[in-house]
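The structure appears right after this line, and notes come after that.
The values are calculated or read from the model by the stated rules, or taken from the named source; none is laboratory data. In this text, all values refer to a predicted model and were calculated from it rather than measured experimentally. Note that each Cβ is placed from the backbone with ideal geometry, even for glycine, and that neighbours are counted across all protein chains shown.
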């Protein structure tokens, strides 16, 4: 591409430039070739122009839900009942977990995966159960990968950890695009259609509660839970964050979270802290509760307690 | 306007002109950049599973490189301060190469952040719901882009004036030069705060991180410029005085010494008290035992000791009075650039994730695809920097001006003025 002093190109350099440009273009096209297998269904104009959750009015939300319904039907051959369930006024959800009762069976982990349409391969789990040796509550001493034919193991207790729905959440603070926030009933949610996937929230969370879709989630068609909500268990795509949302599609309708329902020993208590008669209010009033990592100042809505007269100490007695 | 388009056209044409070494270098960079683009396309198709990152170690090589390059960009200021504040004029004509480096480094930073996003197609969400001032990431977006604008303006203005044979009007660029100095410190401080602000990561949650970032940046950046200036001196007729190299050497020596001191402070705090929060540092420097007694976790140990070794070698060379040969200075520069790159990446970003906040140890190793993306971005950045320098030199030496059309013959490309390697004091 050398220009001579009068600005014209001689033939030789023109051909050289042309071959160079053609070669460059060919190399560029070759470099971009993997994009041919890009699944474009997640990159539609409609989705590109979709507003943030808080800016969608009722008719726009209806349209969005309609679009998601069609997508789910097409992909999983199931007609979902998807709604945008709003929080109730004057309700604040709180969880309490009896460490004395938990036997570490991990039924809650799997019930959660099934309820909330998490990816099965690779499997995304919101709840992590630690097997803790007696004599410490230092979670660094916990075993994450315990695998015994029979639980509980002697001289160990079990500590399930999931999103603590903090009152002062470090995760929502760091999000650059406000794709995650705390709802009035205390549940921290993610707008999966708004998240840009920077994973700053994942770095910020002191409880390892957030999960990233490193690849396109895969759920067998027959295992899809058709009862869905926009901010909770509707299917996600790759490249966005997700997390425990206290099963808000159940709990905002007066049901209990899936992890509580499945617990065989009744170690889990859930409810509205503003209702003095709720299970959690009673636990907080009568039991000696504590929160995990109080020193990081997150003010969790997830409490742990040891019940004195739990069944395992009775077993130990004989 | 027309004249400006002619200028851009000439710059574009000029970036293709050079001797065989230049063309080979550019071809190599283009090939690596395209390989990186290819790897990134694979990542877009399959997701971030193509990287070595996990939910436990959720940031890896991309963010590590990003952090290092923010430092490189900030280092341009280190050239400006002695020139304008202490009136060390030897560097005056060379400041522009620092600022061009800043531009190239910021472009690489933006690329590294983009490839780290799960949904880069949603970038415009930043404009629609910008979580400012709460999220430190939004601060970073602001300071990096403003810094890019400042440096583009300063470089663009000076080059344009030289092209038009005008004397640059001080009021059109001096205020921006001083602003850029403060801004350079801000970009690296804000980037440090990105990590420091996370209470759940004790390894980062320390006040010393920002000063350490600055110290290491002000060593690695000028070290890179020392190398660049020698290449310019060797292959062009641009005048690079020895005094300039000597001044940069002093800057690098001081910065690297401060960096070593701050590292010492950090090591003392982490290890003397033996508190539980020093477990990431233990993992980094010595490795950790497997809970079940099966082997050890020590993927980062060789890295950090290499970094410390390289930085020590650099310091020894810089402080040995007998070693004044430029070749030795170059070895010191390469050693500290690599050393600081490791220190910021494998030494600062990765260990904060190990163990996880719940005490789980998942180690991190980048995948081949991830490394290719990184190499591609580096190649792209070096390509940009080479072109910037390639265009700037003939303009500043008066060989390419608005009234002086050029041809291959009149633009110095070979070793026309190769200078003997002189000793630098």
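Step by step: first the residues of the stretch B:167-177, then only those that are assigned to a helix (DSSP H, G or I) and either surrounded by 15 or more Cβ atoms within 10 Å (Cβ to Cβ) or within 14 Å of chain A (Cβ to nearest Cβ) (or both), then the one that is modelled with the lowest pLDDT. Which residue is that?
Initial filter on the stretch B:167-177 (assigned to a helix (DSSP H, G or I)): B:170-177.
Cutting the leftovers down to either surrounded by 15 or more Cβ atoms within 10 Å (Cβ to Cβ) or within 14 Å of chain A (Cβ to nearest Cβ) (or both) gives us B:173, B:176-177.
On the way: B:173: 86, B:176: 92, B:177: 89.
By that ranking, first place goes to B:173.
Residue B:279 - would you say it is surrounded by 18 or more Cβ atoms within 10 Å (Cβ to Cβ), under 18 Å from residue B:348 (Cβ atoms) and touching a residue at least 24 places away in the same chain (Cβ under 8 Å)? Yes. Per the conditions (1) part of a loop (DSSP other than H, G, I, E, B); (2) touching a helix residue (DSSP H, G or I) at 6+ places or on another chain (Cβ under 6 Å); (3) more than 30 Å from residue B:186 (Cα to Cα), the sole criterion not satisfied by residue B:38 is (1). The number of residues in the stretch A:180-195 that are at the interface with chain B (Cβ under 7 Å from one of its Cβ atoms) and surrounded by fewer than 24 Cβ atoms within 10 Å (Cβ to Cβ) comes to 1.
Being within 12 Å of chain B (Cβ to nearest Cβ), at pLDDT below 95 and within 30 Å of residue B:119 (Cα to Cα) is the requirement here; does residue A:121 meet it? Yes, satisfied.
Taken over the stretch B:367-395, the criterion of being within 14 Å of another protein chain (Cβ to nearest Cβ) and at pLDDT 95 or above is satisfied by B:367, B:369, B:370, B:372, B:373, B:375, B:376, B:377, B:379, B:380, B:383, B:387.
Inspection of the stretch B:256-274 identifies at least one residue that is surrounded by fewer than 15 Cβ atoms within 10 Å (Cβ to Cβ), under 22 Å from the mean Cα position of the chain (by Cα) and either away from chain A (no Cβ under 14 Å) or closer than 18 Å to residue B:351 by Cα (or both).
In the set B:143, B:83, B:113, which member is away from chain A (no Cβ under 13 Å), surrounded by fewer than 23 Cβ atoms within 10 Å (Cβ to Cβ) and modelled with pLDDT of 95 or more? So that I can check it myself, show each step before the final result.
Working: B:83 fails: modelled with pLDDT of 95 or more; B:113 fails: away from chain A (no Cβ under 13 Å).
Every option except B:143 fails the conditions.
With respect to (1) touching a strand residue (DSSP E or B) at 6+ places or on another chain (Cβ under 9 Å); (2) at pLDDT 90 or above, the lone exception for residue B:291 is condition (2). Among the residues of the stretch B:45-53, some residue qualifies, meaning at least one is surrounded by fewer than 22 Cβ atoms within 10 Å (Cβ to Cβ), within 30 Å of residue B:359 (Cβ to Cβ) and more than 10 Å from chain A (Cβ to nearest Cβ). On the basis of being in contact (Cβ under 8 Å) with a residue 40 or more places away in the chain, out of contact with any helix residue (DSSP H, G or I) (no Cβ under 7 Å at 6 or more places or on another chain), more than 22 Å from residue A:229 (Cα to Cα) and within 9 Å of chain B (Cβ to nearest Cβ), does residue A:211 make the cut? The answer is no for residue A:211.
Within the stretch B:319-367, being part of a helix (DSSP H, G or I) and free of Cβ contacts under 8 Å to residues at least 40 places away in the same chain holds for B:328, B:331, B:335, B:338, B:339, B:342.
Restricting attention to helices (runs of 4 or more DSSP H) lying wholly within the stretch A:2-85, give those where 2 or more residues are surrounded by 11 or more Cβ atoms within 10 Å (Cβ to Cβ) and facing chain B (nearest Cβ under 8 Å). Working first, answer last.
Numbers: elements: A:11-32, A:45-48, A:58-76.
Hits in the stretch A:2-85: A:11-32.
Could you go through the stretch B:135-144 and let me know if any residue there is outside any helix (DSSP H, G or I) and within 29 Å of residue B:53 (Cβ to Cβ). Yes. Taking the criterion of being assigned to a strand (DSSP E or B) and closer than 19 Å to residue A:167 by Cβ, the residues of the stretch A:187-211 that qualify are A:188, A:189, A:190, A:210.
Determine, yes or no, whether residue B:377 is surrounded by 15 or more Cβ atoms within 10 Å (Cβ to Cβ), in contact (Cβ under 8 Å) with a residue 60 or more places away in the chain and under 29 Å from residue B:15 (Cβ atoms). So residue B:377 passes the test. Among the residues making up the stretch A:214-230, none is free of Cβ contacts under 8 Å to residues at least 60 places away in the same chain and at the interface with chain B (Cβ under 10 Å from one of its Cβ atoms). Here the condition is being away from chain A (no Cβ under 14 Å), assigned to a helix (DSSP H, G or I) and either on the phi < 0 side of the Ramachandran plot or in contact with a strand residue (DSSP E or B) (Cβ under 8 Å, 6 or more places away or on another chain) (or both); of B:126, B:107, it holds for B:107 alone.
Table: residues versus (1) more than 30 Å from residue A:16 (Cα to Cα); (2) surrounded by 17 or more Cβ atoms within 10 Å (Cβ to Cβ); (3) more than 10 Å from chain A (Cβ to nearest Cβ); (4) under 26 Å from the mean Cα position of the chain (by Cα).
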position	(1), (2), (3), (4)
B:9	no, no, no, no
B:19	no, no, yes, no
B:29	no, yes, yes, yes
B:33	no, yes, no, yes
B:56	yes, yes, no, no
B:63	yes, yes, no, yes
B:66	yes, yes, yes, yes
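Which members of the stretch B:236-248 meet the condition of being crowded, with 21+ Cβ neighbours inside 10 Å and in a helix (DSSP H, G or I)? Of everything in the stretch B:236-248, those that are crowded, with 21+ Cβ neighbours inside 10 Å and in a helix (DSSP H, G or I) turn out to be B:244, B:245, B:247, B:248.
Going by what's in this entry, would residue B:72 be described as within 12 Å of another protein chain (Cβ to nearest Cβ) and either outside any helix (DSSP H, G or I) or at pLDDT below 95 (or both)? It would help to see each step written out before you state the result.
Details: within 12 Å of another protein chain (Cβ to nearest Cβ): no; either outside any helix (DSSP H, G or I) or at pLDDT below 95 (or both): yes.
Spelling it out, it is not the case that residue B:72 is within 12 Å of another protein chain (Cβ to nearest Cβ) and either outside any helix (DSSP H, G or I) or at pLDDT below 95 (or both).
Give the residues of the stretch B:191-227 that are over 30 Å from residue A:295 (Cβ atoms) and either over 13 Å from the mean Cα position of the chain (by Cα) or not in a helix (DSSP H, G or I) (or both), sorted by residue number. If the condition is that a residue be over 30 Å from residue A:295 (Cβ atoms) and either over 13 Å from the mean Cα position of the chain (by Cα) or not in a helix (DSSP H, G or I) (or both), then B:226, B:227 are the ones that fit.
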